[in-house]
Amino acid sequence: MAMGLNIVVCVKDTPTSLGVHVDSATKRVKHDGLQTALNPFDEYAVEEALRLKEKLPGSTTLAVSVGPPSAEGALREAMSRGIESAVLVSGPEFAGSDTYATSRALAAALRKLAADKPVHLVLFGKSSNDGNSGIVGPQVAAWLDWPSASSVKKIESVTDSAVTVTRMLEDGIDTLKLGLPAAVSTVKEINEPRLPSLKGKLSAKKAVIPRWTAADLGLGASEVGSAGSLARIAAESAPPSRPAGMTVEGATSAEKAAKLVDILIERKVI
C-alpha cells in the first residue's frame, strides 16, 4: 500500500442549467449572469481523491482549474468537501482556450506544482457538462508523457510506484496497472460523492487561492487562449425548439388512456 501520495484533482466551473442564451448578433453564448458551479462529473473525481487520502496516511489533496476569476467557486466547492488547497490558473490570456490549450496550461501547472513536491496521481471527471469532449485528462497526460486511463470505474489498489484501475469499455471492462505519476479520468460508477459540511464551507470560504498566469507557468502568449488553440468556434446556437406534443381527446381519463394505447399500438411503439 502506498504511503503519502500527493493527489491533484483538475476541475472545471460549468453552467448549472440548460438556460444558456446565445447572442443573436455575435452567435456566441452570453456569459453575463450565467450561473456556474463545479462540473457535476468532477464531483466523482473529488470524492475519489478524498477516499484515497483517507486510505493512505500522509497523503495530500489539491484542486486546480483553468478559467476566469469566477472559477474560484468550483475550487471552493471542492475544498468544502475536503480538498485541502487549490490553485486557479487565470488571466485574460487564457480566454478562448480549447482542450488543447487548456490541457497545456494544466500540464504546466502540474509541472510547477511538482517542482515544489512530487505529484503522484492526477484525477479528472469523465468530461464536462458543457464541452463534453472527455479528452482533457488524456491530453494532459500526453503533455507530461505520463500513462493515463479513461472511464475508470474503480481504483483497485495503489502502491508507491503504481496504480491499478478497472475501466469500462463498450464490450466489457479491463484492468490496467499504471506506473506513477499517472492521470486517471473517472466515471460516475466509481463512488457516491459526499455533500459539503458546514465546517468545510466556512473553511473554504476563508481559504486563500493563489492565481497563476501564463507567465507564472512559463507559457508564452501564443501557447494559451485562442492563440494556442487548434479549434475555432465559428458559431454557437441553442437547440431548436421542440414541437408541441400530441393531444389525445376523450371525455374521461380512461377514454384518453385507451385512445393513447391504440395510437401507440398503431405506431408500433408497443
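Please treat every number below as a calculation from the coordinates, not as lab data. No experiment lies behind these values; they were computed from the predicted model shown. Backbone-built Cβ (ideal geometry, glycine too); neighbour counts: all protein chains shown.
What to note about this one:
- Between the amide H of residue 86 and those of 63, distances stay under 5 Å, these residues lying 5 or more places away or on another chain, with hydrogens modeled in the peptide plane.
- The calculated 222 nm mean residue ellipticity attributable to helices in the chain amounts to -8500 deg cm²/dmol, summing -39500 (n - 2.57) over DSSP H runs of n ≥ 4 and dividing by all residues.
- Inter-label distance, nm, simple model (7 Å from Cα along the C-beta direction), residue 194/residue 95: 3.9 nm
- Amide proton proximity set for residue 154, modelled H, under 5 Å, gap of 5+: 166
- The longest part of the chain holding none of the exposed loop GluC sites (Glu not before Pro), meaning those outside H, G, I, E and B in DSSP with at most 13 other Cβ atoms within 10 Å, is 1-169.
- GNM top mover of 190, 155, 173 - the chain, alpha-carbon springs below 10 Å: 173
- Cross-link partners of residue 259 among lysines (Cα-Cα below 25 Å; sequence separation of 8 or more within a chain): 268
- For the stretch 61-68, 3J(HN,Hα) computed residue by residue from phi via the Karplus equation (6.51, -1.76, 1.60; θ = phi - 60°) reads 10, 8, 10, 9, 9, 10, x, x Hz, glycine and proline entered as x.
- Put simply, the amide H of residue 129, placed in the peptide plane, has neighbours under 5 Å in 41, leaving out anything fewer than 5 places away on its chain.
- Rounded to whole Hz, the Karplus (6.51, -1.76, 1.60) HN-Hα couplings of the stretch 244-252, x for glycine and proline: 4, x, 6, 9, 9, 7, x, 6, 10
- Residue-span extension gain [residue 201 to residue 133] - 0.36 nm each, minus C-alpha spacing: 21.5 nm
- Phi-based couplings in Hz for the stretch 259-270 (Karplus 6.51, -1.76, 1.60; Gly and Pro marked x): 5, 5, 4, 4, 5, 5, 5, 4, 8, 6, 7, 10
- Global form of the chain, assessed from the alpha-carbon gyration tensor, a/c cut-off 1.5: prolate
- You can think of it this way: the chain between residue 238 and residue 254 has 1.9 nm of extra reach, that is 0.36 nm per residue less the Cα-Cα gap.
- Gaussian network model of the chain, springs between alpha carbon atoms under 10 Å - residue of 217, 50, 88 with greatest fluctuation: 217
- In degrees, nearest ten, helix 99-116 long axis to first principal axis of the chain (Cα): 30 degrees
- Entries in 112/153; 53/126; 112/154 that, when Cα-Cα distance is taken, lie over 22 Å: 112/153; 112/154
- Neighbour-count ranking [beta-carbon atoms within 10 angstrom, fewest first] of 22, 66: 22, 66
- Relative exposure of 100, 44, judged by other C-beta atoms within 10 Å (fewest first): 100, 44
- Candidates 239, 40, 193: whichever shows maximal mean-square fluctuation once the chain is modelled as a Gaussian network with Cα springs under 10 Å: 239
- Taking other Cβ atoms within 10 Å as a rough exposure proxy, 167, 232, 76 sort from fewest to most as 232, 167, 76.
- With a Förster radius of 45 Å applied to the C-beta separation of residue 117 and residue 246, the computed FRET efficiency comes to 0.15.
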